[in-house]
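The values are calculated or read from the model by the stated rules, or taken from the named source; none is laboratory data. Keep in mind the model is a prediction, meaning the values are calculated, not measured. Cβ sites come from the backbone with ideal geometry, for glycine too, and all protein chains shown count toward neighbours.
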Amino acid sequence: MSDAQNPEPKGLIGRFLAMPADSVPKTLFVAVALCLFASMVVSAAAVSLRPVQEANKLRDKQLNVLQVAGVYEPGMNVAEAFAAFEPQVLDLATGEFTDQFDAATFDDIAAASDPELSVALDNDLAGIGRKAKYRVIYLLKAEDGSLDKVILPVHGYGLWSTLYGFIALENNGNDIFGLQFYQHGETPGLGAEVDNPRWKALWSGKKLRDDNGDVQITVAKSQPAAGPDFYVDALAGATLTSVGVDNLVRFWVGEEGYGPFLERLQAGEI
Ligand SMILES: Cc1cc2nc3c(=O)[nH]c(=O)nc-3n(C[C@H](O)[C@H](O)[C@H](O)COP(=O)(O)O)c2cc1C
């Protein structure tokens, strides 16, 4: 066959196309093209699903607020029921509400990593490093408009992870209605038993502070001197997670946490 009948392919693309299908350049090209295509599909899916994920995250948080306040019933519309709660941005240092931020959108977890909106902790009982200066709390009002409960976000380190949850207090700011975590990475069957309804039920009716105003609530293996009103039995086989919960609750209801707000609540100023 002459060169005129089968000419040498011209240019880079021509030479590439003329190569056998199992040549190294063509194999590499197909592999890279496949990787690029797959990463584009994954990125598109991640971007398009982000609003759905955000909506699910919000719904889950609202569901947890409803549950810890004892108002959730299976099948109820979470967003509608959540409308009964009044979100407020709380200035932790003063214990007063602020309208500096929109309570519906302020992200107090993200604020904890913002140097302007957070402070480093010297006495870091909860193992969180920094705390946001402002937190979003929820007020549940009774039908007559009086305050029924307050729902306060809490978080702190357990054994393997930071546990995020809410503590619900009666309107006297001292009696616990409930405690529940909506996110953690503790071991199923051990530390993750913080989610066990039987253990969560132990918190109901316990008190934070004694008559002297000292924080006495304790999660431990044995009852503290302050007595049964202040005692939640530690999780069996998960003492370290229990110690983490003990620490985080004490931190958040103490002076570095909601202490100033709880004092105002007890004084009837809220
Ligand atoms: C794989 C593995 C996972 C564990 N997960 C937890 C946990 O999530 N929380 C916890 O407190 N202890 C966990 N432990 C147990 C702790 O190491 C420790 O033994 C326990 O907290 C002591 O509790 P106890 O005094 O009640 O036995 C785990 C142990 C193993 C081996």
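Out of all the residues in the range 135-142, is one or more assigned by TED's automatic domain parsing to the domain that holds ALA120, of a type in the set (Val, Ile, Thr) and away from the ligand (no atom under 16 Å from the Cβ)?
Quick first cut of the range 135-142, residues assigned by TED's automatic domain parsing to the domain that holds ALA120 only: 135-142.
Remaining after also requiring of a type in the set (Val, Ile, Thr): 136-137.
Next, from what is left, pick out any that are away from the ligand (no atom under 16 Å from the Cβ): 136-137.
Yes, because at least one residue in the range 135-142 is assigned by TED's automatic domain parsing to the domain that holds ALA120, of a type in the set (Val, Ile, Thr) and away from the ligand (no atom under 16 Å from the Cβ).
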Quiz item: Within the range 155-170, can one find any residue that is of a type outside the set (D, E, K, R), over 24 Å from LEU58 (Cα atoms) and assigned to a strand (DSSP E or B)?
Solution: no
Quiz item: Right, VAL243: crowded, with 21+ Cβ neighbours inside 10 Å and either assigned by TED's automatic domain parsing to the domain that holds GLY129 or aliphatic (A, V, I, L, M) (or both) or not?
Solution: no
Quiz item: Within the set of pairs 6 or more residues apart or between chains, which connect a residue that is in the same structural domain as PHE106 (by TED's automatic domain parsing) and farther than 17 Å from VAL68 by Cα inside the range 79-92 to a residue that is of a type in the set (S, T, N, Q) and outside any strand (DSSP E or B) with Cβ atoms less than 8 Å apart?
Solution: VAL89/GLN100
Quiz item: How many residues, within the range 57-88, are outside any loop (DSSP other than H, G, I, E, B) and either over 19 Å from LEU169 (Cβ atoms) or in contact with a helix residue (DSSP H, G or I) (Cβ under 8 Å, 6 or more places away or on another chain) (or both)?
Solution: 14
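Criterion first (of a type in the set (A, V, I, L, M), within 12 Å of the ligand (Cβ to nearest atom) and assigned to a loop (DSSP other than H, G, I, E, B)) does LEU240 satisfy it?
Against the criterion (of a type in the set (A, V, I, L, M), within 12 Å of the ligand (Cβ to nearest atom) and assigned to a loop (DSSP other than H, G, I, E, B)), LEU240 does not qualify.
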Quiz item: Which condition breaks for VAL32 when tested against (1) modelled with pLDDT of 90 or more; (2) under 30 Å from GLN180 (Cα atoms)?
Solution: (2)
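State the number of residues belonging to the range 97-138 that are aliphatic (A, V, I, L, M) and closer than 19 Å to GLY158 by Cα. Step through it out loud before you land on a result.
Initial filter on the range 97-138 (aliphatic (A, V, I, L, M)): 103-104, 109-112, 117, 119-121, 125-126, 128, 132, 136-137.
When the remaining residues are screened for being closer than 19 Å to GLY158 by Cα, the result is 109, 112, 121, 125-126, 128.
Residues flagged as aliphatic (A, V, I, L, M) and closer than 19 Å to GLY158 by Cα within the range 97-138 amount to 6.
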Quiz item: Filtering the range 97-134 down to residues that are in contact with a Phe, Trp or Tyr (Cβ under 8 Å, 6 or more places away or on another chain) and assigned to a strand (DSSP E or B), which residue is surrounded by the most Cβ atoms within 10 Å (Cβ to Cβ)?
Solution: TYR134
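Determine if the range 250-270 includes at least one residue that is within 16 Å of the ligand (Cβ to nearest atom) and surrounded by 20 or more Cβ atoms within 10 Å (Cβ to Cβ). Please lay out each step first, then the result.
Start the filter on the range 250-270 by keeping residues that are within 16 Å of the ligand (Cβ to nearest atom), which leaves none.
Within the range 250-270, none of the residues are within 16 Å of the ligand (Cβ to nearest atom) and surrounded by 20 or more Cβ atoms within 10 Å (Cβ to Cβ).
Does GLY70 satisfy the criteria of being crowded, with 17+ Cβ neighbours inside 10 Å and on the phi > 0 side of the Ramachandran plot? Before the answer, list the steps.
Numbers: crowded, with 17+ Cβ neighbours inside 10 Å: no; on the phi > 0 side of the Ramachandran plot: yes.
Considered against the rule, which asks whether it is crowded, with 17+ Cβ neighbours inside 10 Å and on the phi > 0 side of the Ramachandran plot, GLY70 comes out as no.
Okay, residues lined up against (1) outside any helix (DSSP H, G or I); (2) within 16 Å of the ligand (Cβ to nearest atom); (3) within 18 Å of LEU179 (Cβ to Cβ):
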residue: TRP203; (1), (2), (3): yes, no, yes
residue: ASN212; (1), (2), (3): yes, no, no
residue: PRO224; (1), (2), (3): yes, no, yes
residue: ASP229; (1), (2), (3): no, no, yes
residue: LEU235; (1), (2), (3): yes, yes, yes
residue: GLY244; (1), (2), (3): no, yes, yes
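Please go through the range 171-196 and pick out each residue that is more than 16 Å from the ligand (Cβ to nearest atom), surrounded by 17 or more Cβ atoms within 10 Å (Cβ to Cβ) and either of a type outside the set (Phe, Trp, Tyr) or part of a loop (DSSP other than H, G, I, E, B) (or both). Reasoning before the result, please.
First, pick out the residues of the range 171-196 that are more than 16 Å from the ligand (Cβ to nearest atom): 171-180, 182.
In the following step, the residues that additionally are surrounded by 17 or more Cβ atoms within 10 Å (Cβ to Cβ) were identified as 171, 173-174, 176-180, 182.
ASN171, GLY173, ASN174, ILE176, GLY178, LEU179, GLN180, listed by residue number.
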